[in-house]
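See structure below.
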Amino acid sequence: MTRKLILGLFLGLSFLSAFAQQTTTTPAADAMKTPTPEVASYSTFAPSDMWEIGFSAGYAAMEGAIPYDPSFGVGLHVRKALDHIFSLRLDGNYLATKGTAAGSDSYPATYDSGKNIIKWDSPLYNLSAEIVIAINNSRLDAGIRKISPYVLAGAGGAYSDTKLTYTDGTTATLQPGGRLTSNYVPYAEAGVGVAFRVSDKFNIGIEEKLSRIFGKRADVVDGHAARGQDIFSYTNIRFNFNVGGGKGSTKTLPLWWVGQADKINADIAELKARPKFDPTDTDGDGVPDMWDLEKDTPAGAKVDTHGVALDSDGDGIPDYKDKEPFSPPGYKVDANGVAMVPKPSYVTETDVDRIVSGKLAQWDASKSSMTMKGGVSDWFLPMIHFDFNKATIKESDFGNLRNIANVLKSNPALKVVVTGYTDRVSSESYNQTLSYKRAEMAVDHLVKKEGVDRSRLVVNYKGEEDVLVNTKSADYMNRRVEFKVATSETEMAAPSREMKMKKHKGNKNAGF
């Protein structure tokens, strides 16, 4: 009766929890937050998850012909998810089963004719493979489960070395040979349990498991054959630990804790968070108003990627008004942007030496750049852009890189800083590596394709810093490499940990 009450309690608790609200719900806006180091978010419907290992302790009994005595059991297990519902568990236990005849009763020994049993002791060492089914994870609501009820079924083998005590005080052991062919017995089992998640690394479970023995030894584990097959049970508390995750890990909790629709809900939240695209371009300069910093640029004026009219020589007069867009550096300009260069009536060799010496004095030889205001350090140089999660130079940018190479070849003393950037998708450390690779690819193109000396290029990278468009979504304008004349910049070392490129999919028209 006691065992029936225990089994009924387990079944009721498990099935009630299967239909209760047991998820940690999170608003859609929170679905794309940076994951905690202990539990990483995932981007597939079958992510890599952690393993579960644990140990158990509890109440063991062998139900046969001779009444059993309460005894204990201990065990170890390892469990791995097959999907969100099914998992495979390997479970090994030691069960100290035993029994004593009630009062003055005794039972005839099966293999010792004429002797009656008053006590038996049969420790079991068993190992089983089990399929565990999470009852409540067929629901599609989002979040991490707090409670995981389950049922299980499996099969295994046990080693049983039964010792008998007879009414005459003698003892015997059911050994292979004259009495039995083997001490090993096969069995099939079924069980029910429920686990309670304490943290992302630890949970506690309560479980009831019944195992039915088969074979020649199936009804004589207690030394007396009467019921057909003996049944042993194990009612236990389980202490379970999730392993394989940690800081920087991409593994999730074991999948029986994770809602099946988490990935769908996260993708929907990310789409809702994206800014609505407004193609309005008031001044018709090719840069939509939502990104245009100068919405009233005159028609036909060339602009940069911010929609601001170009001022190639940095003299304060935009190119569309400048009659000399590339004025020589170091001279004041008139209202038309023309440099006011003095024209001596007669220039001697001494004058030339003086002029050249004066210009050279304005250069910082250690930095190979001009320090005077309005000099080449303020020149506009084009930037290039990249596809989502790529560092490959696009053919449409070959012309821009050729122009940068021509500037370097025309100014042998110049150095150029090449700075890589990314959008704000993915982790900060990953974006640092991606921006570094973009800068390296631009430098490699200038050196190998355009013949620029590598020593004249200074690699910098800033990851997701200094975005042009303030959004956390994948934005084409933010995925870029910028070029500027070097002043005091130095080469940045490569990131300490390089990361492999991940594959991303999306709408090509949205910049992916």
Looking at ASP168, ASP161, which is the one that is acidic (Asp, Glu), in contact with a Ser or Thr (Cβ under 9 Å, 6 or more places away or on another chain) and at pLDDT below 95?
ASP161
I need every pair where a residue in the range 479-498 that is assigned to a strand (DSSP E or B) has its Cβ under 6 Å from the Cβ of a residue that is open to solvent by 10 Å² or more (accessible area, probe 1.4 Å) and of a type in the set (A, V, I, L, M), sequence separation at least 6 or different chains.
ARG480/MET383; GLU482/MET383; PHE483/LEU381
Leading residue by the ranking (least open to solvent (accessible area, probe 1.4 Å)) among those in the range 441-456 that are part of a helix (DSSP H, G or I) and among the basic types (Lys, Arg)
ARG456
Considering only the range 207-240, state which residues are open to solvent by less than 60 Å² (accessible area, probe 1.4 Å) and hydrophobic (A, V, I, L, M, F, W, C).
ILE213, ALA218, VAL220, VAL221, ALA225, ILE231, PHE232
Can you confirm whether the range 290-302 contains a residue that is modelled with pLDDT under 80 and surrounded by fewer than 20 Cβ atoms within 10 Å (Cβ to Cβ)?
yes
Result of the Cβ filter at 7 Å on the range 100-111, keeping first residues that are over 13 Å from THR167 (Cβ atoms) and partners that are at pLDDT 85 or above and surrounded by fewer than 18 Cβ atoms within 10 Å (Cβ to Cβ), at least 6 apart or interchain, is ALA102/PRO67
Would you check which residues across the range 376-429 are open to solvent by 40 Å² or more (accessible area, probe 1.4 Å), within 20 Å of HIS306 (Cβ to Cβ) and of a type in the set (A, V, I, L, M, F, W, C) and list them?
TRP379, PHE380
Check LEU271 against each of (1) surrounded by 14 or more Cβ atoms within 10 Å (Cβ to Cβ); (2) of a type in the set (A, V, I, L, M); (3) farther than 30 Å from ALA65 by Cα and name the one condition it does not meet.
(1)
I'd like to check something: does the range 112-134 contain any residue that is open to solvent by 50 Å² or more (accessible area, probe 1.4 Å) and in contact with a helix residue (DSSP H, G or I) (Cβ under 8 Å, 6 or more places away or on another chain)?
no
Sort out which residues of the range 101-132 are of a type in the set (Val, Ile, Thr) and in contact with a strand residue (DSSP E or B) (Cβ under 8 Å, 6 or more places away or on another chain), and write them in order of number.
ILE117, ILE118, ILE131, VAL132
Taking the range 209-236 on its own, how many of its residues are within 16 Å of SER71 (Cβ to Cβ) and in a strand (DSSP E or B)?
9
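The values are calculated or read from the model by the stated rules, or taken from the named source; none is laboratory data. All values derive from a computational prediction rather than experimental measurement. Counting neighbours? That spans all protein chains shown, and the Cβs are built from the backbone with ideal geometry, glycine included. Quick note on the areas: whole protein, heavy atoms, side chains included, nothing else; ligands and nucleic acids left out. Shrake-Rupley method; radii C 1.70, N 1.55, O 1.52, S 1.80 Å.
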